[in-house]
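Working notes, beginning with the structure itself.
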Amino acid sequence: MNKTLSSSFAAVLSVAGVSSIPGYVQAQQPVKPNVIYIYADDMGKGMLSAYGQRHFTTPHIDAMVTRGTSFDNAYGCMLSAPARASLLTGYHDCHPDKWMISKGGQFIPPTDNLSLIPAFEKEIDDGDILLEEGDYYLPQVFKKAGYVTAEIGKLEWGFTATRKQMKEHGWDYYYGYLDHVRCHGFYPPFLFDNGEIVTIDGNTLPNCGKSTENETDETLWERWDRNGKSVYSQDLFLDKMLSFIRENKDKPFFLFHPTQLPHGPVAIPAVHPELAANPELTPIEKEYASMIKLLDDHVGIIMNELRNLGLDKNTIIVFAADNGHEIYYSQKGRCEKPYKNLQTDQLFDDYTDKYYSDLAGDIFNGNAGMAGLKRSNLDGGVHIPLVFYGEGLIPAGVKSKELVSNYDFLATMADLLNVSLPVKKDGISFLPTLLNGKQTDPKRYVVYGSNLGPGIVMNDGWKLRYYRKQGVYELYNLSDDPQERKNVIDKYPEKAEELKAIMLKECDGSLENGVNRYG
């Protein structure tokens, strides 16, 4: 492992109170690295060529893996809304009282009736659940350290967020969708620009051009019908991100980009040249893969802009996903929705018959061979890619096996920036692991909810999941059974009871709090 850090970043560590870690050299003046967090939507780690994708390459994200530190045991949530809420608050999603998930689709009036939006926002704000007074949201941690903050893309956690929430949570600037149903279309007639509703010329469809899933001749035509679809949202987001970076190049900034990509239904302005002639892929598979190629290209453009501005040695880039993989390229005879076992022609239930890519016909193996997909408490539903890159700031070529979660990021950044958290969070700082490979407590655990019930994973590899429909538990040792094929609860009843007790406590006394019924 590379334990050598630049003297400039050693200064950051001295401020963060970790300068006593062996290998660190304390410098005189602290520096504040910029932080850019790119949050992919519904993308399993198997879609990256660094993790085995063989049908196309993701060279820029792969470079982050090769030249940075990646966490091979990272967990998000089972769905985007709780994942974003966990990331931005530092709390897991098995509490009933930490945040509210609002109804989506509230900002889809005709574009000539935008005056309805404030009334929708007021209803959401009146029913909102706020963190207790004195507690911090993620952008507030950065603001306490003197950073300028921005969120560009699929804003907050929704399903419908409001302009009041954006300011209260600590964003100096924001641009994008506040409605997480509208953002399933990539051609918005309007977006929110720091409180203002801005219309997008040439985009005229109230549903933002959202197409129908499941491939047919009709849906193929629908996707490529450009009537009312002139400007692609991700191009707008890239322009806004580059502008924000340029405008704030002389001050520390935190830029959070929760991208729509590659959430479906599939939409892309053009099939990527790398994929156009691939004989193994169908048209919709090429289009879906092109969405990931575009995301990778945008990562490369951002990295190049940082180099051009001389910010590359003072910026940490984080790449992650919100939850496990989801299929948006379903079609008859290949991977179909509802998901079914192509060998038995029966629907998967993720209990007696678990989803696996080979059984379902997923040519991409998007969940990297794990069991389950988005919404499941199997690892394929919650296991995510997580990579940190920063030249001279983050150790290069490190693949950590330590258990981390999305709700740890807030505490980690607070540790880095020497910001005291007045209220105890669920998340813990993994800064010593990130910067020096320090092992965390083997008893450390991560808890998450799902549509099936809650799950808990221990740092030593033990995992317990609750399958609510049958009222049963399953115990796995992920260290030697990462595909969750061997339920060993009868062999290790004491371990199961230990994890049951922890899981019940983390669900605030009721496992129903770990059953997510939205989405």
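Ordered by the number of other Cβ atoms lying within 10 Å of each residue's own Cβ, fewest first, 405, 230, 211, 115 fall into the sequence 115, 230, 211, 405. Placing unit charges on the Cβ atoms only, positive for Lys and Arg and negative for Asp and Glu, gives the chain a dipole magnitude near 1040 debye about its Cα centre. Dipole orientation for the chain: of the candidates 74, 507, 236, 74 has the Cα lying most toward the positive pole (charges on Cβ; Lys, Arg +1; Asp, Glu -1). When the Cα gyration tensor is reduced to axis lengths a ≥ b ≥ c, the ratio a/c is 1.5 or higher for region 313-399, and with a/b above b/c it is classed as prolate. Here region 348-397 and region 113-188 have alpha carbon centers that stand 28 Å from each other.
What shape does region 142-282 have by the C-alpha gyration tensor, where a ≥ b ≥ c are the square roots of the eigenvalues, rounded means a/c under 1.5, and otherwise prolate means a/b greater than b/c and oblate the rest? Because a/c hits 1.5 or more and a/b exceeds b/c, region 142-282 counts as prolate.
Across all Cα atoms of region 357-413, the radius of gyration (one decimal) and Dmax (whole number) stand at 14.8, 44 Å. Long hydrophobic helices in the chain: the complete DSSP H runs spanning 18 Å or more by Cα along their own axis with mean Kyte-Doolittle hydropathy of at least -0.5 are 233-247, 283-308.
You can think of it this way: the chain between residue 345 and residue 72 has 95.0 nm of extra reach, that is 0.36 nm per residue less the Cα-Cα gap.
Report the GluC sites (Glu not before Pro) located in region 104-189 that are in a DSSP loop and have at most 11 other Cβ atoms inside 10 Å of their Cβ, or state none.
Passing both the DSSP loop test and the Cβ count: 132, 133.
For 402, 512, what ranking results if the residue with the fewest other Cβ atoms within 10 Å of its Cβ goes first?
Details: 402 20, 512 15.
The fewest-first ordering by Cβ neighbours comes to 512, 402.
Average 1/r across all pairs of distinct alpha carbons in region 446-514, invert it, and you get the Kirkwood radius: 11.9 Å.
Take the eigenvalues of the Cα gyration tensor for region 263-370, scale each by 5, and report the square roots as semi-axes in whole Å, largest first.
That gives 33, 18, 10 Å for the three semi-axes.
Cα centroids of region 35-98 and region 457-506: how far apart, whole angstrom? Distance between centres, Cα-based: 23 Å. Taking other C-beta atoms within 10 Å as the exposure proxy, 88, 242, 475, 347 rank 347, 242, 475, 88 from fewest upward.
Suppose we flag chymotrypsin sites (Phe, Trp or Tyr not before Pro) only when DSSP calls them loop and at most 16 other Cβ atoms lie within 10 Å. Which is the longest uninterrupted stretch of the chain? Result for the longest clean stretch: 1-350.
Here, each number is a calculation from the coordinates, and none is a lab measurement. Note that the coordinates shown come from a computational prediction; the quantities given were computed from them, not determined experimentally. Because the Cβ atoms are built from the backbone with ideal geometry, glycine has one as well, and the counts that use them run over all protein chains shown.
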